[in-house]
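The values are calculated or read from the model by the stated rules, or taken from the named source; none is laboratory data. Predicted, not measured: the structure shown is a model, and the values here were computed from it. Counting neighbours? That spans all protein chains shown, and the Cβs are built from the backbone with ideal geometry, glycine included.
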Amino acid sequence: MSRRWGLIGFGEAGRIIGGALAASGVDLAVHDRMLLDPARGAAVREAVVAAGATPVDDLAEFADRDVVVSLVTPATAVPAARGFAPHAADGVLYVDLNSTAPGDKQEVAASLPGARVVDGVMTGGGIQLDAQRIPISLAGPDAAEAADLLNGAGLNAAVVGEEIGAAAALKMLRSVVIKGMEGLWVEALLAARERGVVEPLLAMIEETLDRYSARDFATMLVTTHVGHAGRRQVEVRMSRDTVAGTGVPPLLSDGIVARYEQDARGLAAAGAEPGVVPPTLHAALEILGTLPGAPPG
């Protein structure tokens with residue numbers, strides 16, 4: 001296993017991952033822009049040393065590193081790569097674990113033409129978990145090597161794609177579901193509060209969710225959407241109007257109506273028979289992916 005590692009960024013996530021790397025026995029150098037801050041630099045330096053790593057003030061000191069991990073804020077992910085670029089040794093493995101969009105990951109790769117860039121994200125519970133349990137998803141031509149190195153250091157990494165940006169896309173699409181549910185719960189429960197039915201609504205949804213695993217629930221919803229979007233669009237309009245009638249802005253409900261209306265029109269235009277449910281999730285996605293308004297496959 002490579003022994004010379006560099007870590008850019010020593011915030012909350014950096015401290016957890018950096019601590020795990022240092023504990024595994026690698027020679028870890030850490031750079032964080034706060035090291036140069038007159039007010040906070042000394043405390044950051046002490047924290048790096050306490051973690052078993054070596055603080056460095058300049059990215060030029062990463063020129064001898066075999067592996068560099070980037071864990072900075074989303075806004076500074078690309079600038080961090082550009083800052084390291086003049087000092088990057090040919091073939092250095094650069095693992096970008098920042099929570100950024102696929103385009104940002106590709107921009108990082110473009111900024112480091114001599115490096116082997118790996119697109120990585122942390123998901124599934126966030127950095128509140130201990131380092132060994134934080135799921136790290138990796139993508140890119142060199143993702144398998146990065147996964148072996150990270151797992152060898154006691155972390156929990158897996159390859160999810162071959163192209164730079166695939167791991168970032170996975171996290172962003174997870175957010176569509178998870179953050180979308182957050183918004184839906186807020187909207188529905190605020191409206192329920194106005195009607196005095198918060199507890200009955202929670203019990204009703206709980207009873208439905210308890211019947212399925214997450215995978216089975218997604219399959220049931222998407223496959224039946226194909227068969228029943230035409231009929232269900234009427235109900236979602238009434239649902240949207242119910243939210244609006246309580247004085248709660250139907251921000252997400254408006255989007256749901258648009259989704260159903262578009263798919264209902266597309267299915268009708270394609271001659272889909274109402275009520276016919278595809279046998280599998282993939283079959284349903286194939287149908288929905290060919291409707292007008294869907295991205296080219």
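Of T242, T246, T208, T224, which residue is surrounded by fewer than 12 Cβ atoms within 10 Å (Cβ to Cβ), farther than 26 Å from P102 by Cβ and β-branched (V, I, T)? Write out each step before concluding.
Values: T242 fails: surrounded by fewer than 12 Cβ atoms within 10 Å (Cβ to Cβ); T246 fails: surrounded by fewer than 12 Cβ atoms within 10 Å (Cβ to Cβ); T224 fails: surrounded by fewer than 12 Cβ atoms within 10 Å (Cβ to Cβ).
Going through T242, T246, T208, T224 in turn, just one is surrounded by fewer than 12 Cβ atoms within 10 Å (Cβ to Cβ), farther than 26 Å from P102 by Cβ and β-branched (V, I, T): T208.
Kindly list the number of the only condition in (1) more than 23 Å from A109 (Cβ to Cβ); (2) under 23 Å from the mean Cα position of the chain (by Cα); (3) part of a helix (DSSP H, G or I) that fails for V49.
(2)
Restricting to the stretch 112-151, what's the tally of residues that are among the hydroxyl-bearing types (S, T, Y) and modelled with pLDDT of 95 or more?
Taking the stretch 112-151 as the starting set, the residues that turn out to be among the hydroxyl-bearing types (S, T, Y) are 123, 137.
Applying the additional criterion that residues be modelled with pLDDT of 95 or more yields 137.
Final tally of qualifying residues: 1.
Does the stretch 91-105 contain at least one residue that is within 24 Å of G25 (Cα to Cα), touching a Lys or Arg at 6+ places or on another chain (Cβ under 9 Å) and among the β-branched types (V, I, T)? First the steps, then the outcome.
At the first step, the residues of the stretch 91-105 found to be within 24 Å of G25 (Cα to Cα) are 91-98.
The next check asks that each one be touching a Lys or Arg at 6+ places or on another chain (Cβ under 9 Å); those that pass are 91-94, 96, 98.
Imposing the further condition that a residue be among the β-branched types (V, I, T) reduces the set to 92.
Yes, some residue in the stretch 91-105 is within 24 Å of G25 (Cα to Cα), touching a Lys or Arg at 6+ places or on another chain (Cβ under 9 Å) and among the β-branched types (V, I, T).
Test G271 against the stated conditions and say whether it is at positive phi, out of contact with any strand residue (DSSP E or B) (no Cβ under 9 Å at 6 or more places or on another chain) and surrounded by fewer than 13 Cβ atoms within 10 Å (Cβ to Cβ). If you could, list the steps in order and put the result at the bottom.
Working: at positive phi: yes; out of contact with any strand residue (DSSP E or B) (no Cβ under 9 Å at 6 or more places or on another chain): yes; surrounded by fewer than 13 Cβ atoms within 10 Å (Cβ to Cβ): yes.
Answer is yes for this residue.
Looking at (1) under 16 Å from the mean Cα position of the chain (by Cα); (2) assigned to a loop (DSSP other than H, G, I, E, B); (3) without any contact (Cβ under 8 Å) to a residue 60 or more places away in the chain, which one does T100 not meet, given that it meets all the others?
Answer for T100: the failing condition is (3).
Cβ contacts < 6 Å: first residue closer than 24 Å to A264 by Cα and in the same structural domain as A283 (by TED's automatic domain parsing), restricted to the stretch 211-227; second residue among the small types (G, A, S) and modelled with pLDDT of 95 or more, any location; separation 6+ or different chain. Result?
Taking only residues 6 or more apart or on different chains, the pairs are V222/A284; T223/A284; V226/A284; G227/G275.
Working carefully through the options V248, V177, V243, V222, find the one that is more than 30 Å from I287 (Cβ to Cβ) and at pLDDT 95 or above.
Numbers: V177 fails: more than 30 Å from I287 (Cβ to Cβ); V243 fails: more than 30 Å from I287 (Cβ to Cβ); V222 fails: more than 30 Å from I287 (Cβ to Cβ).
After ruling out the rest, the residue left standing is V248.
Quick check: anything in the stretch 152-174 under 13 Å from the mean Cα position of the chain (by Cα), closer than 19 Å to L7 by Cβ and modelled with pLDDT under 95? Explain how you work it out, then say what you get.
Our first condition is that a residue be under 13 Å from the mean Cα position of the chain (by Cα); within the stretch 152-174, this holds for 160, 165-174.
Keeping just the survivors that are closer than 19 Å to L7 by Cβ gives 167.
Cutting the leftovers down to modelled with pLDDT under 95 gives us none.
No, that holds for no residue.
Listed here are the residues, each with its yes/no results for (1) part of a helix (DSSP H, G or I); (2) touching a residue at least 40 places away in the same chain (Cβ under 8 Å); (3) not aliphatic (A, V, I, L, M).
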{"residue": "D57", "(1), (2), (3)": "no, no, yes"}
{"residue": "V69", "(1), (2), (3)": "no, yes, no"}
{"residue": "A77", "(1), (2), (3)": "yes, no, no"}
{"residue": "P113", "(1), (2), (3)": "no, no, yes"}
{"residue": "A146", "(1), (2), (3)": "yes, yes, no"}
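Here are A43, A60, A77: which of them is surrounded by fewer than 13 Cβ atoms within 10 Å (Cβ to Cβ), under 27 Å from A143 (Cα atoms) and in the same structural domain as A13 (by TED's automatic domain parsing)? Full working, then the answer.
On the way: A43 fails: under 27 Å from A143 (Cα atoms); A77 fails: surrounded by fewer than 13 Cβ atoms within 10 Å (Cβ to Cβ).
Matching residue, one of A43, A60, A77: A60.
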